[in-house]
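The values are calculated or read from the model by the stated rules, or taken from the named source; none is laboratory data. As the structure is a prediction and not an experimental result, all values here were calculated from the model. Ideal geometry is used to build each Cβ from the backbone, glycine not excepted, and the neighbour counts take in all protein chains shown. When the accessible area is computed, the model is the full protein with side chains, heavy atoms only, and any ligands, DNA or RNA have been set aside. Shrake-Rupley method; radii C 1.70, N 1.55, O 1.52, S 1.80 Å.
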Amino acid sequence: MNRTVLITGGTGYIGSHTTVEFLQKGYRVVIVDNLSNSQKEVLNNIEAITGKAPIFYQADCTDKKAMEQIFQDHSIDGVIHFAASKAVGESVNKPLLYYRNNILSLIVLLECMEKYGTSHLVFSSSCTVYGQPEKLPVSEEAPILPATSPYGNTKQVNEEIIRDFAHAEKSSLKAIILRYFNPIGAHPTALIGEEPRGVPQNLVPFLTQSVAGIRKELSVFGDDYNTPDGSCIRDYIYIVDLAKAHLAAFERLFHDKSPASSVEVFNVGTGKGVSVLELIHSFEKATGEKVPYHIVARREGDIEAIWADPTKANKILHWEAQTSLEDTLLSAWKWQQKVR
Ligand SMILES: NC(=O)c1ccc[n+]([C@@H]2O[C@H](COP(=O)([O-])OP(=O)(O)OC[C@H]3O[C@@H](n4cnc5c(N)ncnc54)[C@H](O)[C@@H]3O)[C@@H](O)[C@H]2O)c1
């Protein structure tokens, strides 16, 4: 088949796992990444897993000249756009950096796609666009609520930019927006995984680092929420299952003759809500390790509970999460033991 896919942010956490899935399916993969939040060695590990090397450009997606060069060098059939700054807390203190990086990257990319005749796009969005939904599980029909951080706002604005551009006269853009829930875990080979810089912002890397003795203990933010055990509830999706959703979305862009519109949105989650305390106990059960944790006050900005209704992705993309929470947490632990 030999289609060529451009993966922006392809050496990052989700991008590297997605690159593996595409290479294993026979795609040619071109990665562009400025390495602001990832390492070049990831490329060797991708090759060790797949036996194939992605083509790599170290460049910034906001750099129009560099991006045009990639489109001139390769006939790009479609793009998966991961490249973005993603730390919610940091975005509150550095909003301009987040708006510049996340919004400008998409605009430059769409300009290049238009100029070089590339019509197919899969975009990384997030369940943060739903805020605290009134109805759970949350479906794609739920209203978008005002963003609570500049990062969250960049996802909402990017979704709007994609819709506006797709609906413009003469635009040939066909896009799928994937709203991820909480990606966790690592590739079963433990050759690629999440490598947070500094103090991890997300629960699972913090948890595994606490068990490994890198952090003193895990703080559980609040046990007085209106949930069965009082801790927050999220939908944790295994990273390889999430990567496979991109393959399903990409293939739909090419193979489906009549999509409902030129922009479709899909939730990518398991459909199961898991509380922070449940996750800790599942980790202990899966690995036999004790998690050092203590309960602290609620953290500002955290929503109480969210999990996906993934029915639309199950039916239309023929995709569903396959991996159990225990296996997912084991993969995270295996990865932690490797990188420590
Ligand atoms: N991980 C999550 O929990 C999560 C949840 C929802 C949505 N997302 C979105 O998924 C995407 C990928 O997330 P991730 O967890 O893999 O993050 P990541 O930081 O591991 O990967 C992003 C990659 O993009 C690169 N990058 C950033 N800005 C760039 C630019 N201007 N030009 C070129 N490269 C650039 C970084 O170096 C990094 O390798 C992001 O858009 C993120 O907002 C992530």
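Rolling a 1.4 Å probe over the protein heavy atoms of the range 12-83, with every protein chain left in place, gives an accessible area that is 41 percent carbon and sulfur.
Label-to-label distance, ASP73 versus ALA212, with points set 7 angstrom from Cα along the beta-carbon direction: 3.2 nm.
At a probe radius of 1.4 angstrom, the accessible area of the range 125-273 per residue rounds to 42 square angstrom. In the chain, helical runs assigned H by DSSP with n ≥ 4 each contribute -39500 (n - 2.57); averaged across all residues and rounded to the nearest 500, the mean residue ellipticity at 222 nm is -11500 deg cm²/dmol. Distance from the Cα centroid of the range 298-340 to that of the range 184-262 is 5 Å (rounded to whole angstrom). Restricting attention to the chain, close to 5% of DSSP beta bridges with both partner residues there are antiparallel. Indicate the gyration tensor shape class of the range 4-87 (rounded, prolate or oblate), computed on the Cα atoms with a ≥ b ≥ c the square roots of the eigenvalues: a/c under 1.5 is rounded; otherwise a/b larger than b/c is prolate and the rest oblate. Oblate, because a/c is 1.5 or more while a/b does not exceed b/c. Restricting the trypsin sites (Lys or Arg not before Pro) of the range 166-195 to loop positions (DSSP other than H, G, I, E, B) with no more than 13 neighbouring Cβ atoms within 10 Å leaves LYS170.
With R₀ fixed at 41 Å, the C-beta to C-beta distance from ALA297 to GLU141 puts the FRET efficiency at about 0.75. Taking all C-alpha pairs of the chain, those more than 36 Å from each other amount to 15 percent. Can you give me the relative contact order of the chain as a percent, contacts being Cα pairs under 8 Å and 6 or more apart? Relative contact order for the chain comes out at 19 percent. For the range 146-244, what % of the accessible area comes from carbon and sulfur atoms, probe 1.4 Å? Ligands and nucleic acids excluded, carbon and sulfur reach 49 percent.
Here the spin labels are modelled as points 7 Å beyond Cα on the Cα-Cβ line, and at GLU90 and GLU41 they lie 2.0 nm apart. The calculated FRET efficiency for the pair VAL157 and ASP224, based on their C-beta separation and a Förster distance of 30 Å, comes to about 0.30. The length gained on full extension between THR4 and GLU114, counted as 0.36 nm times the residue separation minus their Cα-Cα distance, comes to 37.9 nm. Shown here for the range 1-59: GluC sites (Glu not before Pro) in loop regions (DSSP other than H, G, I, E, B) with at most 13 other Cβ atoms within 10 Å, namely GLU41. Calculate the spin-label point distance for GLU289 paired with GLU251, positioning each point 7 Å from the Cα along the beta-carbon direction, and give it in nanometres. Placing both labels 7 Å beyond Cα along the Cβ direction yields 3.4 nm.
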